[in-house]
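Read through the structure below, which is laid out as structure tokens, and then see the notes.
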Amino acid sequence: MFTKETYMARREQLKKSVGSGILVLPGNDECGMNYEDNTYDFRQDSTFLYFFGLPYAGLTAIIDIDRNEEIIFGDEATIDDIVWTGTQPSLRERCEKAGITKILPSKKTAGFMHISYAEDRKFHCLPPYRAEHRLKLLEWLGCVPEPSVEFIRAVVSQRNRKSADEIAEIEKACNITSDMHIAAMRELQIGMKECEIAGLMSDIACSAGGRPAFPIIATVNGQTLHNHYHGNTVKDGDMLLIDAGAETETGYCGDMSSTIPAGKKFTPAQKEIYDIQVASHLAAVEALRPGVPFEAVYNLSAKVICEGMKSLGLMRGDMEEAVEAGAHALFFPCGLGHMMGLDVHDMENLGEVWVGYDGKPKSTQFGRKSLRLARPLEPGFVLTVEPGIYFIPELIDLWESEKRFSGFINYEKVKNFRSFGGLRNEEDYLITETGARRLGKKIPLTTAEVEELR
């Protein structure tokens, strides 16, 4: 946790931003994997963590703006709990560290809500992303209220701009994440299974006092954007695409990707495509600075990829026009990056239109619609940069059958890459007053850097 003054100041700012009403923040509960007592690793709701810092199950927070009250509903440990968990700080002691002095038993939550609802008080809720949140709201209020836009925008405004304390925690997560990727680059050998690399990286995150920030991707089928299968054996000529990050004890995340040749060097064809991806990546990084719309950075990265494809004879025509039309998405069907912080995709449950677009509508164009961040960059934003190049056989076949973008795409040559796979590299950046700073230790990026470590 940070200091209690940090959480108190965050809540004061939140109250000022929303203005009036009651803010409802249900914390997360334990969740059984296959029976009640065999639970998944507990993870507190990130907005609850941001404003209260309490990583414990079974809590609900209420901020009554009009009466200037802040209440935690929860229960002290019983002797049955202590038998299983040992002596723990009391709930009151825990809440004091967040600057909360009013604590009520969980059984009083519904009564408080019913009384306030009968008084026609305005309730502000965030979009529920767990069934337990919906069930609690239904029990307390008799309905699941429409998410409060005022509440969403106030939370996004605060959480999007990272404080010095938050940046330090994110950098810690990024350093551990770098260690995970560097270890994978050193240890990968032909004949290993994907699960061996995934296990190695998970061990590093846990040994540093944290855990993986999300299910680790370690796959020889890099053309599948989020592939969590780990059963393949790495063969000569393969590339292993890794997307993995660490989460610290406080909940802050790192998120990086790397692509590793199975042998000591990339094949000539792999190097050609890999170098194009790196050029796109470096162009995007160079463009990061306050005031620049991230969608413009995306357009630049897509254009560099298209120019590289054109140099290999896979595309033709004007590449700016190709990007505008959406032809780039055959090779680059995803976004360029996303906000990062307490969530690896920060505040994704609150809606990308608020987090990454400041309320403006998203594009419906294939590929571009997957861009999670488009708004002008501001100092304090932390984001990923992760252009990729993917040869997805099903997508190639579909577009060719439809003659889609045939003026820009040379399908006869593209078909030679149907079995190529895919690759990406990803780094995490803080937007500063004058530009951007990479967070975490550098992991090898260029073909020369990767091959030197291999």
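Using the basic label-point model (7 angstrom from Cα toward the beta carbon), what is the Glu150 to Asp275 distance in nanometres?
5.8 nm
Calculate, for Cys31 and Glu93, the FRET efficiency according to 1/(1 + (r/R0)^6) with r their C-beta to C-beta distance and R0 22 Å; round to the nearest 0.05.
E between Cys31 and Glu93, to the nearest 0.05, is 0.30.
Rounding to the nearest 20 debye, state how big the charge dipole of region 324-454 is about its Cα centre with +1 on each Lys and Arg Cβ and -1 on each Asp and Glu Cβ.
Its charge dipole is roughly 260 debye.
For region 312-377, what is the charge dipole size about the Cα centre, in debye to the nearest 20, if Lys and Arg each add +1 at the Cβ and Asp and Glu each add -1 at the Cβ?
120 debye
Between Lys108 and Gln13, what length in nm is gained on full extension when 0.36 nm per residue of separation is reduced by their alpha carbon distance?
Roughly 31.5 nm would be gained on extension.
What does the charge count around Met192 come to, taking other residues whose C-beta lies under 11 Å from its C-beta (Lys +1, Arg +1, Asp -1, Glu -1)?
-2
How would you classify region 168-315 from its alpha-carbon gyration tensor, with a ≥ b ≥ c the square roots of the eigenvalues: rounded for a/c under 1.5, else prolate if a/b is greater than b/c, otherwise oblate?
Oblate, because a/c is 1.5 or more while a/b does not exceed b/c.
Ranked highest first by the average count of other Cβ atoms within 10 Å around their residues, in what order do 146-152, 431-437 fall?
Listed from highest to lowest mean packing, they are 146-152, 431-437.
Considering only protein heavy atoms, what is the solvent-accessible area of Asp203 at a probe of 1.4 Å, reported in Å² to the nearest 10?
100 Å²
Place a point 7 Å from the Cα of Asp75 along the Cα-to-Cβ direction; which residues of region 103-124 have their backbone N under 11 Å from it?
105-108
Label Ser20 and Cys195 with points 7 Å out from Cα along Cα→Cβ: what is the distance between them in nm?
Once both label points are built, they end up 5.9 nm from each other.
Phe123's amide H: which non-local residues (gap 5+, or another chain) put their own amide H closer than 5 Å, with H modeled 1.01 Å from N in plane and none for Pro or chain starts?
Ile22
List the lysines whose alpha-carbon lies under 17 Å from that of Lys235, not counting same-chain residues fewer than 8 positions away?
Lys193, Lys264, Lys265
Loop-only trypsin sites (Lys or Arg not before Pro) in region 194-299, please: DSSP not H, G, I, E or B, and at most 16 other Cβ atoms within 10 Å.
Those that pass, being in a loop and sparsely packed, are Lys235, Lys264, Lys265.
Between Lys265 and Thr446, with labels modelled 7 Å along Cα→Cβ, what's the label distance in nm to one decimal, could you check?
Going from the Lys265 label point to the Thr446 one covers 1.6 nm.
Write down the accessible area per residue of the chain in Å², having rolled a 1.4 Å probe over the full set of protein chains.
43 Å²
Per residue of the chain, what 222 nm ellipticity follows from adding -39500 (n - 2.57) for every DSSP H run with n ≥ 4, rounded to the nearest 500?
Taking each H run of at least 4 residues, the total per residue is -11500 deg cm²/dmol.
If I histogram all Cα-Cα distances within the chain using bins 20 Å wide from 0, what percent of pairs lands in each bin?
23, 51, 24, 2
Rounded to the nearest 20 Debye, what is the dipole magnitude of the chain about its Cα centre when Lys and Arg each give +1 and Asp and Glu each give -1 at the C-beta?
With Lys and Arg at +1 and Asp and Glu at -1, about 800 debye.
The values are calculated or read from the model by the stated rules, or taken from the named source; none is laboratory data. These figures come from a predicted structure and were not determined experimentally. Here the Cβ is made from the backbone with ideal geometry for all residues, glycine too, and neighbour counts use every protein chain on show. Surface areas here come from the heavy atoms of the whole protein model, side chains and all, with no ligands, DNA or RNA. Shrake-Rupley method; radii C 1.70, N 1.55, O 1.52, S 1.80 Å.
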